[in-house]
1. Along the charge dipole of the chain, Cβ charges K/R +1 and D/E -1, which of Gly284, Ser165, Ser193 sits furthest on the positive end?
2. Report the FRET efficiency, 1/(1 + (r/R0)^6), for Asn25 and Asp135, where r is their Cβ-Cβ distance and R0 is 56 Å, rounded to 0.05.
3. Provide the percentage of antiparallel DSSP beta bridges, counting only those with both residues in the range 8-323; round to the nearest 5.
4. Angle check, please: helix 58-70 long axis (alpha carbons) against the longest principal axis of the chain (alpha carbons), in degrees 0 to 90, nearest 10.
5. For Ser199 and Asp180 in one chain, what is 0.36 nm times their gap in residues minus the Cα-Cα distance, to one decimal in nm?
6. Read phi for every residue in the range 294-302 and hand back ³J(HN,Hα) as whole Hz from Karplus 6.51 cos²θ - 1.76 cosθ + 1.60, θ = phi - 60°, with x for Gly and Pro.
7. At 1.4 Å probe size, put Arg22, Arg12 in order of accessible surface, largest to smallest.
8. Tell me, how many Å apart are the Cα centres for the range 133-193 and for the range 28-96?
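The values are calculated or read from the model by the stated rules, or taken from the named source; none is laboratory data. Predicted model only: the values in this text are computed from it and were never measured. Reconstructed Cβ throughout: ideal geometry from the backbone, glycine too, with neighbour counts over all protein chains shown. Each accessible area value is taken on the protein alone, full model and side chains, heavy atoms only, with ligands, DNA and RNA left out. Shrake-Rupley method; radii C 1.70, N 1.55, O 1.52, S 1.80 Å.
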Amino acid sequence: MNFPKYRPRRLRKNENFRRMIRETNLSIDDLIYPLFVTEGHDVKSPVRSMPNVYQFSVDTLLKEIAEVVNLKIPAIILFGIPSKKDDRGSEAYAQSGVIQEAIKAIKDVHPELIVITDVCLCEYTSHGHCGIIKDGTVDNDATLEILARVALSHARAGADMVAPSDMMDGRVKAIREALDSNGYSQIPIMAYSAKYCSSFYGPFREAADSAPKFGDRRSYQMDPPNVREAIREVSLDVEEGADIVMVKPALAYLDVIRVIRDHFDYPIAAYNVSGEYSMIKAAGMQGWIDEKKVVLEVLTSIKRAGADIILTYFAKDVAKWLAD
Ligand code: PBG
């Protein structure tokens, strides 16, 4: 394999050669589009730090989703912004909560679209933490029961898949048991398995109004320097019944995606999170980078690292670009 016998440039000569030997292909099929749902009517409220991302009320959400379906994006994930918060996050499992109502309305019109729900309490608790607070810290086991109720209420409303993002120990097991014992053994779980305590979630917390009112999430989300621990987290979730495992964020954690790909045989999702979106948007709007090319390069890198599925706020743009 020595020069001049081997010349790698031979296979880069033109686009057809490049297409033929391309190892990674980004597809519309890989995409999950995150959406924020709020209460009220005729609301389409821009998220300041995420240009082109909005909080929708159910009626405007339906219009947005018609577009998503038209673009052939196979799945959405919903985040709820309730009008009332309390210390237990009880709106998260309310029968007519904002997410439950949204799911019913969407499934009525688009039975085929995969509707995934984020299962977490931070948007619903007055203190903004992802679990129940006892003695100043998040109580793991008391939270499990509530998360299971939330997931079950989403399944009852018609969700196609639930995605716990809280990072409590044992939540996948608790949710699997609750679903199975209530007739929802066919509903898969996409677990946010290796979810790091990342500063890249900043814009999301504005979008979802979910910033913690005191302290931070370091006692439950993973410490960014760790990668072996990600293997342990994924092992637990898989043993507890996860169908899809997630690494989050994506870009600063491509090595984690790769390690999980090499260790596990399960579908892997990666979350191209809000901060990753906002950085590219900001630079693109300044004309400092070519937004389209950078987005496609970045999302392709997430697939090359080993992800099968990408959650991204760019999903609609990408679907348009790939369809051209
Ligand atoms: C809820 C949740 C968060 C994100 C997804 N689910 C925020 C957090 O953990 O604080 C972040 C998504 C993003 O930044 O795009 N726990």
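1. Going by the charge dipole, the pick is Gly284.
2. After rounding, the FRET efficiency stands at 0.65.
3. Working: 6 of 39 bridges.
Approximately 15 percent, going by the DSSP bridge assignments.
4. Compared with the principal axis, the helix lies near 30 degrees.
5. 3.3 nm
6. 5, 4, 5, 5, 5, 5, 5, 5, 5
7. Values: Arg22 105, Arg12 140 Å².
Descending accessible area places them as Arg12, Arg22.
8. About 20 Å separates the Cα centre of the range 133-193 from the one of the range 28-96.
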